[in-house]
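A quick write-up on the structure given underneath.
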Amino acid sequence: MAYRRSPLDGPAFQISGRKDFAKVADTELHRSFQDTHYARVPFPTNLDQVCLPHGLKYGLFDHQSSLWTSRHLANPSFADLCSQSLPAKSVYGSLRKYLHPIFEGTSPSANDVVASQTRCPNTLAIAEFTAFQDLRLGSSIQWIRLLRELASSNLNFGTVEVGTLVAELALMAGPREGDNVLRANHGIFQDTTFCKALAAQVKKRLNGIVANWREGQTAECLILLTQRLWSLAASAESVEEAKDLLLQARTMTHSWVRTIPLLDPKSPQI
């Protein structure tokens, strides 16, 4: 006859409860007495041989990745919770991590972008696939990359995915950079030459869509960029240019509102 110890000492015991209820749970690091020759104690015996010290030590275990949290190579990141989502079944679905450069704890590199070209969907051009990934790389040069894309035709600013990408770039505060209140992401707005170039490209884009009321997504994107220019530009001249662009965008969108009911009698009157 032998005494059987409590099942709470067993290897399946977790403080956080059932495994399927918790992604990260407290789990034992060492074997329980129940898994050793101490599991059964024959009679005659004494109390010290039955009531052994609790020898278990616990650690956090990530059941989703099957790793102890202390063995994760990357630093913990909440970027996934801060990043916006893409439309369901989007062709850009595999590139969601590029909305937020530190989505997985480390920023992708330019080599990662080049190596990913073989995974480009058939519905996307290689140039667009690459430009989407490349835009958010490098905190201090993101706006310069965006300026380059405004002047090119690689990205379609009329899509929700590109609009979401641009919004992330424009609105994310970014890492600190000394005493610069604009931080690393937006320090470029202290450069008057850049502000003038950005205003010129936004104006060119606005002029290009003024007659096409279907470019609502593009207009939203350009208005956001103009608002950031107005709020972040260091020079008064750039601020005035931004105000003029906002007035131009307002005039354009108001004309669309008046035009749509004439083109489609079924549309609601505004």
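Quick notes
- Gyration tensor (alpha-carbon) shape descriptor, segment 79-263, a/c threshold 1.5: oblate
- Pairs of lysines in segment 79-263 whose Cα atoms sit within less than 21 Å of one another amount to 5, provided the residues are eight or more positions apart or on different chains.
- Neighbour counts of other Cβ atoms within 10 Å put Thr118, Thr130 in the fewest-to-most order Thr118, Thr130.
None of the figures in this text is laboratory data; all of them are computed from the coordinates on show. This one's a predicted model, so the numbers in the text were calculated from it and none came from an experiment. Ideal geometry is used to build each Cβ from the backbone, glycine not excepted, and the neighbour counts take in all protein chains shown.
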